[in-house]
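I have placed the structure first, in the form of structure tokens, so that the comments after it can refer back to it.
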Amino acid sequence: MELRDIEIFLTLAEELHFGRTAKRLHVSTARVSQALKKQERQIGAPLFERSSRHVALTPIGKQLFENLLPPYRELHEAFTRAASAARGKVDVLRMGVIGPAVDRYRALLEEFAIIRPNCQVRLRHVNFSDPFGLLRAGAVDVQLLWLPVSEPDLMVGPIILTEQIVLGVGASHRLASRESISLEDLGDEVVMGGAKPDYWREGLVPTRTPSGRFIEIGPSVTNYADMIPIIVSGEAVSPGFTHDARVMPVPGMTYVPIHDAPLAQWALVWCTAAENDLTRDLIRAAQHIGPSV
């Protein structure tokens, strides 16, 4: 089967109209019909149910479409990347991130650089108070966010990292000398807020302890820099992540593991309607490396 015939089949499967397919590919309707008949002879079964008013994929046609589309996209993207490299063009992927821990996504970026050597990744800071705003505004192509993320217009991709949740406290805080604490201990503390929406914040900061006691939510912050003086002064505590504790040592502040907290999971998130070749390659890179701990 020639590449052009494959392109005709895939386009017809999307358009379900011979005239629109011909117009989109700048060929005649006779050429579309000719390619389809050739394909059906090779396969030995109809790929479309068609009448003067109706065109629809048969079950075999649907299976062929689903099998052909991914490799066709990869082939098209390979030629696009080669042409861009020949012109010296550098693609740009904008990635939203939270916090200072580059180790979270270093392996991902290294793998992506192998797949897309001519693509520059530009990191953009995302605030806790509006974790999806940059995505929806088109200011970033993809984000790395802790789960859960449950938004009808957003897709959640591969998990990049799992890590333990820790509690950031002042150095003189009563819990600072403990080897670990329980989620139940948060019932005696004021915990920082600010992350929205509520269900996303509760993935890190629950509203109740395991026994059902309310956890008091105190000062609201939108970024790590605002958190530090509040924690150091003892005004409030804040759950955080192991990687932050490693890369952000702060005088007057310490991190205590929360031994019964579920592991935090970080995943790639993007707008369904804005998915493009770059995000697909980043997703493929994530699938190659798998989640790290």
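The values are calculated or read from the model by the stated rules, or taken from the named source; none is laboratory data. Bear in mind that the values here come from a model prediction, so they are computed numbers and not experimental data. Cβ sites come from the backbone with ideal geometry, for glycine too, and all protein chains shown count toward neighbours. Accessible surface is based on the protein model in full, side chains and every heavy atom, while ligands, DNA and RNA are left aside. Shrake-Rupley method; radii C 1.70, N 1.55, O 1.52, S 1.80 Å.
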Per the 1.4 Å probe, what fraction of the accessible area of the chain, in percent, lies on carbon and sulfur atoms? 54
Around D130, which amide H atoms from residues at least 5 apart in sequence, or from another chain, sit under 5 Å from its own amide H, with H modelled in the peptide plane? K196
Each residue of segment 91-99 in order: what ³J(HN,Hα) in whole Hz does its phi give by Karplus 6.51 cos²θ - 1.76 cosθ + 1.60, θ = phi - 60°, with x for Gly and Pro? 6, 10, 10, 9, 10, x, 9, 10, x
State the antiparallel share, in %, of DSSP beta bridges confined to the chain, rounding to the nearest 5. 60
Can you send over the solvent-accessible area of D185, 1.4 Å probe, protein chains only, in Å² to the nearest 10? 30
Per residue accessible area in Å² of the chain, where ligands, DNA and RNA are left out and the probe is 1.4 Å: 50
DSSP loop GluC sites (Glu not before Pro) in segment 134-232 with at most 14 other Cβ atoms within 10 Å of their Cβ, which ones? E179, E202
Given 0.36 nm per residue, what is the gain on full extension from Y72 to R246 after removing their alpha carbon distance, in nm? 58.3 nm
Among V256, G194, V232, which residue has its Cα furthest toward the positive end of the charge dipole of segment 174-293, with +1 on Lys/Arg Cβ and -1 on Asp/Glu Cβ? V256
re segment 1-117: pairs of Cα atoms spaced beyond 26 Å account for a percent value of 42
Gyration tensor over alpha-carbon atoms, the chain, equivalent ellipsoid semi-axes in Å: 51, 21, 15
In the chain, lysine pairs closer than 28 Å at Cα, eight or more apart or cross-chain: 5
Report the charge-dipole magnitude of the chain in Debye, nearest 20, computed about the Cα centre from +1 at each Lys and Arg Cβ and -1 at each Asp and Glu Cβ. 1520
Per the helix-only model, the chain has a calculated mean residue ellipticity at 222 nm (DSSP H runs of ≥4, -39500 (n - 2.57) each, divided over all residues, rounded to the nearest 500) of -11500 deg cm²/dmol
Quick one: which residues, 5 or more positions from A171 or on another chain, have an amide H under 5 Å from its amide H? H modelled 1.01 Å from N in the peptide plane, none for Pro or chain starts. M253, T254
Amide H proximity to V121 below 5 Å, modelled H, separation 5+ or other chain, gives L93
Among G99, G212, G240, residue whose mean-square fluctuation peaks in a GNM of the chain (springs only between Cα atoms under 10 Å): G212
Where is the GNM fluctuation largest for the chain (alpha-carbon springs, 10 angstrom cutoff): L144, L186, L64? L64
If you wrap segment 229-293's Cα atoms in a convex hull and average its projection over all directions, what's the area in nm²? 6.9
Roughly how tilted is helix 224-233, in degrees to the nearest 10 and between 0 and 90, from the longest Cα axis of the chain? 20
If you put +1 on each Lys and Arg Cβ and -1 on each Asp and Glu Cβ, how big is the dipole of segment 1-148 around its Cα centre, in Debye rounded to 20? 480
Angle in degrees between helix 277-289 and the longest Cα principal axis of the chain, rounded to the nearest 10: 60
Using the Karplus curve 6.51 cos²θ - 1.76 cosθ + 1.60 with θ = phi - 60°, what ³J(HN,Hα) values do you get for each residue of segment 160-168, in whole Hz, with x for Gly and Pro? 8, 7, 10, 8, 6, 8, 10, 10, x
Tally the DSSP beta bridges in segment 164-272 and give the antiparallel ones as a percent, rounded to 5. 65
Taking the chain as a Gaussian network, where each spring joins two C-alpha atoms under 10 Å apart, which residue of F65, F112, F214 fluctuates the most? F65
Gyration tensor verdict on segment 140-204 (Cα atoms; rounded if a/c is under 1.5, prolate if a/b is larger than b/c, oblate otherwise): prolate
